[in-house]
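Working notes, structure below.
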Amino acid sequence: QVGQRLAYLALARDYKIEGVPAACPTYKSMEKDGSTLVLSFNNLSAPYAFNDPNSFVGFGPDNTLRMAGFEIAGEDGVFYPATVRMKWWQNMIMVSSEQVPEPVAVRYAFKNYCPEANVKTNYDLPLAPFRTDNWEIPAEEIGEIIAGKKPGRESDGEFCYYKPVGMGVLDLAIAVRV
């Protein structure tokens, strides 16, 4: 997949071929609708073009739509797993939770390891991890993994997700060796 994504980037940016899916979807904005937060994204198909290849798809292992990897919080800053629904015709995602009646923030795949994050486009480009809040994140989290107090990856079957925007091929090669 990395090779395919790098090829997409080269075709779009260096060879100026239009219509190639070079950029992954990124968070754009959030609106509150009662107890639901409605999220908009960059680098997706236009509204009502939901069958376009650059639209969201999020299937679970049983081939049913189950978008996962989202957490939602209220003013208290405590995040809970979220219920996620698609607004297909607009390429928007609606996030809510019974535990958060007045939501103010959403995070997607925003932790050291998030195997449940499965939102991608029909081109197989993953939704970039994001957060809508600007609350302080405890620095000790990554330190605990490095010190061996908390698990990071526990097997070769686990994946680390990252957003390689702006990274060069050499940076990626070095990251693979680390």
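The numbers here are math on the coordinates, done by the rules we state, and not lab data. Bear in mind the structure is a predicted one, so any value in this text is a computation, not a measurement. Neighbour counts are summed over all protein chains in view; Cβ atoms, including those assigned to glycine, are modelled from backbone coordinates with ideal geometry.
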Between residue 16 and residue 134, what FRET efficiency comes out of the Förster formula 1/(1 + (r/R0)^6) with R0 = 30 Å and r the beta carbon distance, rounded to 0.05?
0.25
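Taking a threshold of 29 Å on the Cα-Cα distance, which of the pairs 32/149; 87/149; 28/149; 87/111 fall above it? Let's see the in-between values first.
Values: 32/149 38 Å; 87/149 40 Å; 28/149 35 Å; 87/111 25 Å.
Flagged as over cut-off: 32/149; 87/149; 28/149.
Residue 149 to residue 33: FRET efficiency via 1/(1 + (r/R0)^6), r the Cβ-Cβ distance, R0 25 Å, to the nearest 0.05? If you can, show how the numbers build up before the last one.
Details: r = 40 Å, r/R0 = 1.61.
About 0.05, to the nearest 0.05.
Can you work out the FRET efficiency for the pair residue 65 and residue 90, with r the C-beta to C-beta distance and R0 = 25 Å, to the nearest 0.05?
Efficiency computed from Cβ-Cβ geometry: 0.95.
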